[in-house]
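Undergrad: Handing you this structure, nothing more for now.
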Protein chains: 2
Amino acid sequence: MLFSITIGNGYHIPRMFSRNIATLIKGTELANKIKSEVRNELINIRQTKPEFEPQFVAIAIGNNPASSIYLQRKQEAASYCGLKSKVIHFEDTISQKSLIDVINHTNKDPSIHGIIVQLPLPNHLCETTICNAVHPSKDVDGFTQTNLGKLMQKMSDSNMIPCTALAVKKIIESEGIETYGKTAVVIGRSHNVGLPIAIILGADKQKGGFDMTTVSCHRATPNETLASVCRNADIIVSAAGVPGLVDKTMVKPGACLIDVGLNRVKSETGKDIVRGDFNKNVSQVDCRLTPVPGGVGPCTVAFLMYNTLLAAKLQAGIMNQAE
Amino acid sequence: MLFSITIGNGYHIPRMFSRNIATLIKGTELANKIKSEVRNELINIRQTKPEFEPQFVAIAIGNNPASSIYLQRKQEAASYCGLKSKVIHFEDTISQKSLIDVINHTNKDPSIHGIIVQLPLPNHLCETTICNAVHPSKDVDGFTQTNLGKLMQKMSDSNMIPCTALAVKKIIESEGIETYGKTAVVIGRSHNVGLPIAIILGADKQKGGFDMTTVSCHRATPNETLASVCRNADIIVSAAGVPGLVDKTMVKPGACLIDVGLNRVKSETGKDIVRGDFNKNVSQVDCRLTPVPGGVGPCTVAFLMYNTLLAAKLQAGIMNQAE
């Protein structure tokens, strides 16, 4: 982009600024495609099986404003796809036992095919215990130990893969990125986001993976190590939750950058805005980049719909669980 | 080491050879310590609970000579520790259904606390399906999807962690190696060996991990990438099954090398010998190194005893499963 600056005497001096040359990966388009496919498949199935009514329940604890927005998006997506959804809301004083009782009850309800526990939970509730209480067949978030372990063993089409990891997988596939023998960096190691992504990137293609040498970084990774491994990476996925963590000096031209960060920050004018983990200046590198918002986020929601339909098909015997 | 070579005229010319300066990590010593601890704990428990008789069953299919040796070592270790063990042997024509029936029957037998399916299996049997048939509470190998998923979530003392990964974990701990923020390379990504090791090395200390930046390499990793990441690594764990894969040019002084490879090769004289994944010349680097044989192997067997006692304690209610 060519700008000019005005100096004291009124002359205009042309000045070359760094251009924004990165290609944006349109997550919203992929999300819409996935949702349309879910919607169409559901219409098709219901032509012969009108009693097939996939439904998920979201369990929400307390009043987290971000959670409310996410829940609303999930319900809107469900409505578009023709899936039934409902939210059960509890005060943040609910005991672990009561919450598990609710989950057990929902596990047994044949009209419910998917159960989502909206995270984060209040501190007195153990996240893994609560998530593991969901029956694996209804675990459309893919957060139970059973479904995480399945992911380690292999990634079949009947696996309930965590939605964000599935979003990253499908973005890479839809971009047609060559991955065999290439190097990936995953920043963030949570068991339900960073770690599943690293496992998929590193896994054998025959197991549903990408055959990449995979570097897992996290808060204990020194800055210089992070910069150095990122500079060699063909794909960088950041799920660190640190706004602007990766900047243009850490990105190799030709790389694909997938931004899982969704950080609420104040703009210069004091407005609440959302920023990713990649600094905006990575746009000056010739790379591919998912925007925030409008990148991974909508795909994650779309794959929740995909997993709900999958769970309902498996429960109805329309599809079989792979070995 | 100072050698001399004799030249034609009978003079001896001193010649400096590269010295072997690596420190060997005595896996056998750690293994003996673990087995003694298991033995002593068992004696202690039986003083008040003489009916407490931990027992594992190993299911062996076909006639793999290597498997026979491993089984024998497991039985010897069990005998030393005071654990009961038995081997059930089947022809390699056994059907998957029959084998799963046997496992289901053993799952229900209260006198059996641990079930081991000796790998590899004949091609007509699906390894993950067979391993997942073992009840997670009796899965002393830690190969079921449930126990693998638990490992992703956290590594509590009541987890059944795959024995080789547990051996690597305890070797690093017993050597007192500083790991926080350091870099590890794991070569090999199998779901029951390489991947669990990478997860443990990368995990948060609060979850039982080592807080290392972790690079996962495998057969799709180009040689130059492997060499480059190894040269930067503070710990290299190789579980590739490729004799001599990592040589001295790929090792940084001060590194800790953990050799999970156990490769049967022919010696120069045609004898069957066992070689690790590290080239013998890594001994010329000032590093720490587990030998093969006598390194990780005996520790893996010892931790199978540890897991069997753990399983029996959990089943008897002597110890509680962590959340």
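Undergrad: Between B:S267 and B:K26, what FRET efficiency follows from the Cβ-Cβ distance if R0 is 22 Å, with the result rounded to 0.05?
TA: 0.40
Undergrad: Taking only C-alpha pairs under 8 Å that are 6+ residues apart, what is the relative contact order of the range A:162-297 in percent?
TA: Computed over the range A:162-297, the figure is 21 percent.
Undergrad: Describe numerically, in nm with one decimal, the distance between label points set 7 Å from Cα along Cα→Cβ at A:K248 and at B:A322.
TA: 4.6 nm
Undergrad: List the distances, in nm to one decimal, from the label point of A:R46 to the label points of the same position in every other copy, shortest first, placing each label point 7 Å from Cα along the Cα-to-Cβ direction.
TA: For A:R46, the other copies' label points sit at 6.5 nm, shortest first.
Undergrad: I would also like to ask the following. So how strong a dipole does the range B:54-151 carry about its Cα centre when Lys and Arg Cβ are +1 and Asp and Glu Cβ are -1, to the nearest 20 debye?
TA: 260 debye
Undergrad: OK, next. Please report the relative contact order for the range B:54-151, taking Cα pairs under 8 Å with a sequence separation of at least 6, and give it as a percent rounded to a whole number.
TA: 32 percent
Undergrad: Right, here's the next one. Considering only DSSP beta bridges whose two residues both sit in the protein assembly as shown, what percent are antiparallel, to the nearest 5?
TA: Antiparallel bridges make up about 25 percent of those DSSP assigns within the protein assembly as shown.
Undergrad: Reachable lysines from B:K97, Cα under 24 Å, same-chain residues fewer than 8 places away excluded?
TA: Output for B:K97: A:K150, A:K154, A:K207, B:K86, B:K108, B:K138.
Undergrad: What average number of partner chain Cβ atoms lie no more than 10 Å from the Cβ of the residues making up B:150-156?
TA: Taking all residues of B:150-156 together, the mean is 6.
Undergrad: Can you list the aspartates and glutamates whose alpha carbon sits under 15 Å from that of A:K252, skipping same-chain ones fewer than 8 residues off?
TA: A:D234, A:D286
Undergrad: Would you list B:R19, A:R73 from fewest to most Cβ contacts within 10 Å?
TA: B:R19, A:R73
Undergrad: Mean-square fluctuation check for chain A, GNM, Cα pairs under 10 Å: which of A:I21, A:I273, A:I177 is largest?
TA: Result: A:I273 has the largest fluctuation of those listed.
Undergrad: Ok, one more. For the range B:232-275, with only Lys/Arg (+1) and Asp/Glu (-1) charged at the beta-carbon, what is the dipole magnitude about the Cα centre, in debye rounded to 20?
TA: 120 debye
Undergrad: In debye, nearest 20, what is the charge dipole magnitude of the protein assembly as shown about its Cα centre with +1 on Lys and Arg Cβ and -1 on Asp and Glu Cβ, if you could check?
TA: Value, rounded to 20: 640 debye.
Undergrad: Further question on the same structure: Answer with one residue from A:S36, A:P298, A:S267: the one whose Cα lies farthest towards the positive end of the charge dipole of chain A, charges on Cβ with Lys, Arg +1 and Asp, Glu -1.
TA: A:S267
Undergrad: What's the longest bit of chain B with no exposed chymotrypsin sites (Phe, Trp or Tyr not before Pro), using DSSP loop states and at most 10 other Cβ atoms within 10 Å as the test?
TA: Between the exposed loop sites, the longest stretch runs B:18-179.
Undergrad: Out of all DSSP beta bridges in chain B, what portion is antiparallel? Express it as a percent rounded to 5.
TA: 25 percent
Undergrad: What is the average number of partner chain Cβ atoms found within 10 Å of a Cβ in A:136-145?
TA: 2
Undergrad: For chain B, what does -39500 (n - 2.57) per DSSP helix run (n ≥ 4), summed and divided by total residues, give at 222 nm, in deg cm²/dmol to the nearest 500?
TA: After summing the helix terms and dividing by residue count, I get -12000 deg cm²/dmol.
Undergrad: Can I ask one more? How high is the relative contact order of chain A, in percent, counting Cα pairs under 8 Å that sit 6 or more residues apart?
TA: That works out to 22 percent.
Undergrad: Here's another thing I want to ask about it. Between B and A, which B residue has the Cβ nearest their rotation axis, distance in Å?
TA: In residue-and-Å form, the answer is B:G149, 2.
Undergrad: When the Cα atoms of chain A are enclosed in a convex hull and the volume is divided per residue, what value in Å³ results?
TA: Normalising the Cα hull of chain A by residue number yields 157 Å³.
Undergrad: How many angstrom separate the Cα center of the range B:278-323 from the Cα center of the range A:274-311?
TA: 41 Å
Undergrad: Moving to a separate point now. Taking a label point 7 Å from Cα toward Cβ, how far is B:E224 from its twins in the other copies, in nm, shortest first?
TA: Those separations, rounded to one decimal, come out as 2.5 nm.
Undergrad: Considering the options A:P222, A:T129, A:T308, tell which one lies farthest towards the positive end of the dipole of chain A, charges being +1 on Lys and Arg and -1 on Asp and Glu at the Cβ, about the Cα centre.
TA: Result: A:P222, furthest along the dipole toward the positive end.
Undergrad: Compute the length gained on full extension between A:N63 and A:S111: take 0.36 nm times their separation in residues and subtract their Cα-Cα distance, giving the result in nm to one decimal.
TA: Difference between extended and current length: 14.6 nm.
Undergrad: Ordered shortest first, which distances in nm separate the 7 Å Cα→C-beta label point of B:D101 from those of the other copies?
TA: Once sorted, the set of distances for B:D101 reads 4.3 nm.
Undergrad: Then there is this: Return A:D247, B:D109 ranked ascending by Cβ neighbour count within 10 Å, so the fewest neighbours appear first.
TA: If I rank by nearby Cβ atoms, fewest first, I get B:D109, A:D247.
Undergrad: Then there is this: Considering chain A as a Gaussian network with a 10 Å cut-off on Cα pairs, which listed residue, A:V185, A:V140, A:V242, attains the greatest mean-square fluctuation?
TA: Evaluated over chain A, the most mobile residue of the options is A:V242.
Undergrad: Lys/Arg Cβ at +1, Asp/Glu Cβ at -1, dipole of the protein assembly as shown taken about the Cα centre: which of A:V285, A:I88, B:I103 is farthest positive-ward?
TA: In the protein assembly as shown, that residue is A:V285.
Undergrad: With a 10 Å Cβ neighbour count serving as the proxy for reagent exposure, in which order, fewest first, do B:M155, A:M305 appear?
TA: Starting with the residue having the fewest Cβ neighbours, the order is B:M155, A:M305.
A short reminder: the numbers here are calculations on the coordinates, not readings from a lab. Note that the structure is predicted; figures quoted are calculated from it, not measured. Cβ coordinates were reconstructed from backbone atoms using ideal geometry, including for glycine residues, and neighbour counts include every protein chain displayed.
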